Every structure is written in structure tokens, then in C-alpha cells.
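Below is one structure, written out as C-alpha cells, with a few remarks after it.
The values are calculated or read from the model by the stated rules, or taken from the named source; none is laboratory data. Everything numeric here is computed off the predicted structure, so don't read it as measured data. We place every Cβ from the backbone using ideal geometry, glycine too, and count neighbours over all the protein chains shown.
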Amino acid sequence: MDELLGALHYGFIQRALLAGIFIALSCSSLGVFLVLRRYSLIGDGLAHVAFGTIGLGLLLQTHPLYLSAPLVMLASLWISYLAERAKIHGDAAIGMVSALGVSTGVMLASVGRGFNVDLFSYLFGNILAISRGEVYLSVGLSLVVLSVVVLFLHDLFALTFEEEYARVLGIKTRRVVQLLTLCTALTVVLGIRVVGTMLVSSLIVFPAVTALQVARGFKAALVVAALASVGSVIAGIVVSFLLNLPTGATVVYVNFVFFGAAFVWGRWRNR
Amino acid sequence: MPMKVLEVVDLSVLYQDVEVLSRVSFDVMGGDYLGIVGPNGSGKTTLVRCCLGLVEAVSGQIRLFGTERGQFSEWYRIGYVPQAFEGAQRGFPATVGEVVASGLLSRKRFPKRLDRPDAEKVDEVLEILGIQDLKKKMIERLSGGQRQRVFLARALASDPEVLFLDEPTVALDPTTRERFYETLDGFNHKEGKTIVIITHDSGTIGEYASKLLYLDRSVVFFGDFGQFCRSERMTDYFGEHAQHMICHQHKGSCIVG
């Protein structure tokens, strides 16, 4: 216990927790909509794109996240465009764009030989190394994402439940979906700091599916997902620090434990 | 003089280069109860979806309450009960109350918030349809009949002037189906709501609807049930037996055979 309290006194742990909690909230709130729209793999696809844009950032010697945010947002719109206009199913569009992203990263790593190590450090993230500036950026952008979710909550609910009906309600569904996609891109870029490009989609998917096991109502699902997400990031950071484990992987394991518990509880309750 | 709720003029719709609706024209006046009937693949659902802006037409015009559909923005005047797909919302964590409340969004402007009067409205429509006890139930756990009533409640939440229903009774047992039709009849007769319903219950719809649109990619018949039953052209088209099946239950005006 003393060790645990001692850990909380470290500045880098405090920074990791602050940024992690806000990023977790963004991921979980978007995750519920994405999972229910069967679009959860967009997080994975965009993370692969981010891998490429981080490579570009390192090559150009700018901060990778500054460059990644706008480029991944553009890629997210491109995925929507392909899925909508080019008669390509959403999963295939994600597959195409993500493969291009990873290829770009590998190409750039090959061109600028010096930064291979840096690029690969982004694969699994390291939130304990987050700087003060990155914390401000993460909190600020997370607040933007959360504001969008709050302001468009009812529209997002309606279009997730039944998109065509939402149109008959006069909701501009295409615009709201684009907004959701852009927010997802932003959240993926932020999530890379916590768990890395390889695992960022877990932050989006796990809390949502955990919530779906037990929640009785849509607002309840959002709240349970938020609790699971924030809980897993806090527990992941603290446990990984205490046991000297990789933080990103620990967060994913905690998420898995939460999911398992929710699954068992949900089944037991519905017996 | 009742106003025109819906005007469809020379409407044609293509699906993958095949004409699924050809030069369809008809009007729906305020207070009408229109039954849209026709064989499978005759374009009934496409027609209603096109009227609501969910399908694009290649030619023709649609006006809702006198406004071109593309410019129409008063969606709260329209209630829609789409075709039910078994399992469409499987695993969706929404309560009946949340689903019905979403029907109020057509009356809201950004930033949309649902407040106490909205909650009261949800209670009111649930009570009208006799499903108050379902309010906190999860939508995925309901039977087909209960779910249809919930979707009707959602459509009614915004106090619409016209209800479009796409085969709402398809999953219902005969007793529940009869009750559903009686409920709609009440909305039409007591509250003056206009009803446009797609149905396969061609033998039942004549009991309730005042007008019939028989569709088979183009309009085979449009008019009052009485006219349909007396039409020799329809006797030639359907044969006496089928014509009688469609109109024999109709109150009053049918004289066949």
C-alpha cells in the first residue's frame, strides 16, 4: 500500500494518470457507438495509419503526434469516402487504408535509417514518458471529443440504433457520422501514447464490449464503459509501475479481466 | 378543405438499372387512411422510402405538406414505422423509454436536450398504446408485437400529422394484429391523423383503410375502396375472387358479384 501511495507522488505517474483518464474517457464514449455500429476496427485501421504518419513526423523531425492528428483525421475521412462512394465495404476500406499506413511507416523507416528505434517505440506506447505539453494537448483534445459526444449524444444514439430512421427525424446523419469518424481519428492518435499503435483499438473496443455485457440502457452503457476504461488505465499504470511491466499491455490485460468479470456477471444475472 | 399531405407526381426509381417504380402518381389528403398493397417486389417499400428521402428517384416530384421533399424540414409532422427486421437491434443496450424518446428529436434543435416535458410525452404515448409497463425494459427482450408497439410509440412521440407504416403487422399473431389495426383506426378517426400503410393483409386492410393504392411497379389502382370494388377494370385485372378478397370486408361500399 505504501508503495502504491508512494507511486502517486511521482510527477510522471500523476501526468500519466491525468492524460490517461481523459484519453480513456474519449475512447470509451466513442467505443460504444463504434462497436454498436460494427465499426470497431476503424480504431485499428487508423492506428496503422498513425504508424505511417509517426514515421513521417520523425523523418521531418517534428513532434509525431502534431503531424499525426491532422493526417489520421484525413485518412478517417478517406475511409468514409471509400466506403460510401467507391462501393467498398467499410472493413475492406479500413484494410486498404491501414495497409497503406503501415507500408508508409516501413518505407519511411527504411529511408531514414536513424529513427527505427523511435518509430518502433510508438508501437507499444509509453504513457509514463508523457511530457507536460503532451498532457495539456491530450486533456484539451479529449475535452473536444467529449464535448462533441455530449452535444450530439441524442443524434449519435438515434443513428446508431437505426440510421435510416435517424434521417427521417431530420438528423444530418452523414455529417454526424463524419464527426464521429474525425473524433475517432483524434482519439486514436491520443491513445497511441497510452498503449501504442498496436493496442490502441483495445482502448476503444474493450470498455464498450464490457459495458454491453451488463448495461441495462444506453446511458448506463456509456457510464459502465467510462468506468471500465478509466479503471483499466489507472490500474494498468499503477500495476505496471509497481511490477515493472509494460504499461500498454498491462492496460489491455486489466481490460480483459474487466470484460471477463462483466461477462460472468451478465450471464449469472440473466440465468 | 383538407390539405395535401403527400403529392407524388410521375415518380420513377431505378435500382441497379432496373426500373422498380415507373411513373407513379397519387395524392394523400389530410385524414386519409391509405393502404398500399401489391405483390412482393412491387416497389411498395421503395415508394415509401422514396417519399421519406431514403431512396433517390430518377425522375418525378414528391411534395410533403406542399414542400418539395428536398427542401422539407418539418420532420416532426411525419411519423415512420419501418419494416421490422428480426435481430436488427440484437444486443443493443437501449430501454424502451430511450427508444421512444428518440422520436422527439425531430422537434429539437442543436444542442438537442430531452427535458421533463419530453419525459412526460414519452409516458403519455406509452400509456396511449398500453405499454407503460415496458418503459424500463430492454428493447431486445421484447416480443415482435411489443416491439412494433414501441416503434409506433416512437413514431407518435413528435405528435405527427401523418404516419407511414411499412408492413407493421408482419410478425404479429392474428389477435395482436387486429388490436394494432384498431389502434391505428383510432388515431385516424378520433385524432384525424393521416395513415399511409404498406400491408400484405389485403383481406383486412379494406376494413380500415379509406383508400387503396395497388402497386406493381406502376400504379394498378388508386382511389377509394368503393371504386376499387366496383371497377370492372379491376375485375378484369384480378379476377372476381381476388377482387372480392381485397374488398369483401370493407364496411358498406363494396358491391361485387
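Filter region A:225-249 for residues that are of a type in the set (S, T, N, Q), in a helix (DSSP H, G or I) and at pLDDT below 95; which is nearest to A:VAL149 (Cα to Cα)?
Among them, the one singled out is A:THR247.
Pull up region A:163-172, narrow it to residues that are crowded, with 22+ Cβ neighbours inside 10 Å and in a loop (DSSP other than H, G, I, E, B), then point me to the one that is farthest from the other protein chains (Cβ to nearest Cβ).
A:ILE171
Can you pull out the residues in region B:61-78 that are within 14 Å of chain A (Cβ to nearest Cβ) and either aliphatic (A, V, I, L, M) or part of a loop (DSSP other than H, G, I, E, B) (or both)?
B:ILE62, B:LEU64, B:PHE65, B:PHE72, B:SER73, B:GLU74, B:ILE78, listed by residue number.
Quickly run through region B:68-83 and pick out the residues that are out of contact with any helix residue (DSSP H, G or I) (no Cβ under 6 Å at 6 or more places or on another chain) and under 8 Å from B:PRO160 (Cβ atoms).
Result: B:ARG77, B:ILE78.
Just a yes or no: is a residue in region B:113-136 at negative phi, touching a residue at least 40 places away in the same chain (Cβ under 8 Å) and within 9 Å of chain A (Cβ to nearest Cβ)?
Taking every residue of region B:113-136 in turn, at least one turns out to be at negative phi, touching a residue at least 40 places away in the same chain (Cβ under 8 Å) and within 9 Å of chain A (Cβ to nearest Cβ).
One residue is enough: does region A:150-158 have a residue meeting the conditions of a type in the set (Phe, Trp, Tyr), within 14 Å of chain B (Cβ to nearest Cβ), farther than 30 Å from A:TRP268 by Cβ and not in a helix (DSSP H, G or I)?
Scanning region A:150-158, I find at least one residue that is of a type in the set (Phe, Trp, Tyr), within 14 Å of chain B (Cβ to nearest Cβ), farther than 30 Å from A:TRP268 by Cβ and not in a helix (DSSP H, G or I), so the answer is yes.
Give just the number: which of (1) free of Cβ contacts under 8 Å to residues at least 40 places away in the same chain; (2) surrounded by fewer than 19 Cβ atoms within 10 Å (Cβ to Cβ); (3) of a type outside the set (Gly, Ala, Ser) does B:GLN243 not satisfy?
The one condition B:GLN243 does not meet is (2).
Which condition number does B:GLY91 fail, the rest of (1) part of a loop (DSSP other than H, G, I, E, B); (2) in contact with an Asp or Glu (Cβ under 7 Å, 6 or more places away or on another chain); (3) on the phi > 0 side of the Ramachandran plot; (4) more than 10 Å from every other protein chain (Cβ to nearest Cβ) being met?
The one condition B:GLY91 does not meet is (4).
If I filter region A:173-224 down to residues being within 11 Å of another protein chain (Cβ to nearest Cβ) and not in a helix (DSSP H, G or I), which single residue comes out as nearest to the chain's Cα centre (by Cα)?
Top of the filtered list is A:ALA215.
Taking A:TYR136 as the residue in question, decide whether it is closer than 20 Å to A:PHE22 by Cα and among the aromatic types (Phe, Trp, Tyr).
Answer is yes for this residue.
Can you pull out the residues in region B:95-117 that are assigned to a helix (DSSP H, G or I) and within 24 Å of the chain's Cα centre (by Cα)?
Once the filter is applied, which keeps residues that are assigned to a helix (DSSP H, G or I) and within 24 Å of the chain's Cα centre (by Cα), region B:95-117 yields B:VAL96, B:GLY97, B:GLU98, B:VAL99, B:VAL100, B:ALA101, B:SER102, B:GLY103, B:LEU104, B:LEU105, B:SER106, B:ARG107.
Residues to consider are B:VAL58, B:VAL150, B:VAL81, B:VAL99; find the one that is crowded, with 16+ Cβ neighbours inside 10 Å and more than 11 Å from chain A (Cβ to nearest Cβ).
Only one candidate passes the filter, namely B:VAL150.
How about region A:126-143: which of its residues are among the hydroxyl-bearing types (Ser, Thr, Tyr) and either in a helix (DSSP H, G or I) or within 15 Å of the chain's Cα centre (by Cα) (or both)?
Within region A:126-143, A:TYR136, A:SER138, A:SER142 qualify.
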